[in-house]
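The values are calculated or read from the model by the stated rules, or taken from the named source; none is laboratory data. Remember, predicted model here, so these are calculated numbers, not experimental data. Don't worry about glycine lacking a Cβ; one is built from the backbone with ideal geometry, like all the others, and counts go over all protein chains shown.
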Amino acid sequence: MTVPFIDLKRFEDGFVDTFTEKVRNLTSNTSFVGGAEVQKLEETLCMENNVRYAIACANGTDALQLALRAAGVGPGDTVLLPDLTFWATFEAVVNVGADPVTVDVSSTDLQMDYDLFVKAVEQYKPKAAMLVHLYGWASARLNDFRSFCLERSIALIEDGAQCYGVQANGTSIYSGAQISTISFYPAKTFGAAGDGGAVLTDDERLAEKIRSLGNHGREQHYAHGSVGWNSRMDSFQAAFLNLSHPHFAARLKSRQAIARRYQEELPKLGWNCVLPPAGIVENGYLNVTLHDPAARPAIEAHLKAKGIGFGIVYPGAVSDQKGAEAFLKGKVGGDVARRISASVLNLPLFPYMTDAEFAEVLEHCRTAR
Ligand SMILES: *Cc1c(COP(=O)(O)O)cnc(C)c1O
């Protein structure tokens with residue numbers, strides 16, 4: 001039996017038909033951009049995540065750029081970000097004209113290291129920082145990051161592309177952030193049928209700015225108060241997300257159960273499976289195992305030969321990317337991110353993965369050496 005790394009086709013019974021019918025209706029009404037579906041999605045995002053404002057946009061990368069622009073970040077400003085994240089976090093900083101400085105990650109939770117972050121703030125006096133909630137959990141020091149940045153008037157943008165469904169402080173992790181972002185890319189935990197994103201905040205002034213920037217800097221239809229761009233969400237994506245939402249709890253529960261089973265079973269095989277920090281409820285976005293870099297290629301080859309999909313998230317540190325060279329202003333810390341990149345391997349994890357599939361993966365992990 002082969003097991004894919006991720007299978008996006010396991011829709012609940014009737015889901016595809018319901019969406020097809022919805023597309024038919026939206027098309028007859030030419031409800032193509034914005035409108036009631038987008039508004040409904042934004043209301044759901046506010047309610048479920050305990051935030052005051054949600055602005056839907058075109059994708060998760062745009063959400064980061066809208067957040068940075070709304071926070072007033074631009075040329076001449078320094079922005080801190082973790083050295084282990086998806087490349088889009090770095091791109092967003094560069095695309096608004098600011099100078100990125102990477103901060104190394106903690107070897108326990110694999111998120112940006114808080115003590116190094118404080119050091120980086122003293123050294124670089126950044127205008128803003130990107131705190132990425134990677135792998136479906138978050139830093140054990142989340143509250144310290146938040147209060148430190150408030151104290152120092154640093155705009156803290158929380159890249160929540162991977163953390164829909166994560167809980168911290170007993171509520172949605174998006175709650176209590178200055179600004180946080182979501183990606184609805186299909187492979188994320190709350191996925192659309194294409195690209196989509198959102199920015200969340202409790203600050204009314206920021207929310208207005210974000211909405212305007214993502215709609216050509218509009219104040220009225222043909223009155224432009226600033227230079228933004230078009231980052232509106234289309235109605236089909238919002239409709240797909242609205243129809244998915246009633247199933248989200250079941251998908252989340254399924255992911256979390258599989259993530260936990262890996263955490264229970266893999267140590268018995270001598271595998272190092274990373275656990276989320278205490279106090280953070282993970283969403284089961286990714287399974288994360290760490291290996292001796294010298295041994296990983298043989299494990300990869302074995303899984304490949306047995307038809308078991310896997311991920312390497314991510315194969316390199318941000319500061320090591322060729323595209324970083326021209327823009328990287330600084331790098332704080334050591335080479336933990338690089339070491340994690342050389343060690344990480346992610347096993348199959350997706351909603352409704354079967355017991356038989358799980359057993360198959362585990363069996364081939366047992367024999368991988
Ligand atoms: C997916 C992702 C993004 C980008 O989201 P898109 O919707 O693909 O533009 C940004 N940051 C992180 C951490 C991500 O995982």
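Six or more apart or on different chains, Cβ atoms under 7 Å: show the pairs whose first residue is in the stretch 56-79 and more than 10 Å from the ligand (Cβ to nearest atom) and whose second is in a loop (DSSP other than H, G, I, E, B) and of a type in the set (Ser, Thr, Tyr).
So the pair list comes out as Leu66/Ser231.
From Ala177, Ala187, grab the single residue that is more than 30 Å from Pro348 (Cα to Cα), in a loop (DSSP other than H, G, I, E, B), of a type outside the set (S, T, N, Q) and not assigned by TED's automatic domain parsing to the domain that holds Asn346.
Unique residue meeting the criteria: Ala177.
Give me a count of the residues in the stretch 141-168 that are in contact (Cβ under 8 Å) with a residue 40 or more places away in the chain and touching a helix residue (DSSP H, G or I) at 6+ places or on another chain (Cβ under 7 Å).
Residues meeting the conditions: 8.
Test Ser231 against the stated conditions and say whether it is modelled with pLDDT of 95 or more, in contact with a Gly (Cβ under 7 Å, 6 or more places away or on another chain) and either more than 30 Å from Ala257 (Cβ to Cβ) or polar (S, T, N, Q) (or both). Full working, then the answer.
Working: modelled with pLDDT of 95 or more: yes; in contact with a Gly (Cβ under 7 Å, 6 or more places away or on another chain): yes; either more than 30 Å from Ala257 (Cβ to Cβ) or polar (S, T, N, Q) (or both): yes.
Judged against the criteria, Ser231 is a match.
Identify the single condition in (1) hydroxyl-bearing (Ser, Thr, Tyr); (2) out of contact with any strand residue (DSSP E or B) (no Cβ under 8 Å at 6 or more places or on another chain); (3) away from the ligand (no atom under 13 Å from the Cβ) that Tyr135 does not satisfy, given that it satisfies every other one.
(3)
I'm checking my understanding of the structure. Among residues of the stretch 155-174 that are in a loop (DSSP other than H, G, I, E, B) and touching a His at 6+ places or on another chain (Cβ under 7 Å), which one is nearest to the ligand (Cβ to nearest atom)?
At the first step, the residues of the stretch 155-174 found to be in a loop (DSSP other than H, G, I, E, B) are 160-166, 169-170, 173-174.
If we keep only those that are touching a His at 6+ places or on another chain (Cβ under 7 Å) too, we end up with 160, 162-163, 166, 173.
Details: Gly160: 8, Gln162: 5, Cys163: 9, Val166: 13, Ile173: 13 Å.
Applying the filter and picking the extreme gives Gln162.
Mind counting the residues in the stretch 100-117 that are part of a loop (DSSP other than H, G, I, E, B) and either over 17 Å from Cys273 (Cα atoms) or among the hydroxyl-bearing types (Ser, Thr, Tyr) (or both)? I'd like the intermediate steps shown before the answer.
Keep residues of the stretch 100-117 that are part of a loop (DSSP other than H, G, I, E, B), which gives 104, 106-111, 113.
Within this subset, residues satisfying the condition of being either over 17 Å from Cys273 (Cα atoms) or among the hydroxyl-bearing types (Ser, Thr, Tyr) (or both) are 104, 106-108, 113.
The qualifying residues number 5.
Out of Ala63, Ala70, Ala92, Ala98, report the one residue that is buried (at least 24 other Cβ atoms within 10 Å of the Cβ) and more than 14 Å from the chain's Cα centre (by Cα). So that I can check it myself, show each step before the final result.
Details: Ala63 fails: more than 14 Å from the chain's Cα centre (by Cα); Ala92 fails: more than 14 Å from the chain's Cα centre (by Cα); Ala98 fails: buried (at least 24 other Cβ atoms within 10 Å of the Cβ).
Checking each option against the conditions leaves just Ala70.
Suppose the filter is part of a loop (DSSP other than H, G, I, E, B) and touching a residue at least 40 places away in the same chain (Cβ under 8 Å); does Ala138 pass it?
For Ala138, the condition - part of a loop (DSSP other than H, G, I, E, B) and touching a residue at least 40 places away in the same chain (Cβ under 8 Å) - is met.
Among the residues of the stretch 328-369, which ones are touching a strand residue (DSSP E or B) at 6+ places or on another chain (Cβ under 9 Å), basic (Lys, Arg) and assigned to a loop (DSSP other than H, G, I, E, B)?
Within the stretch 328-369, Lys329 is the sole residue that qualifies.
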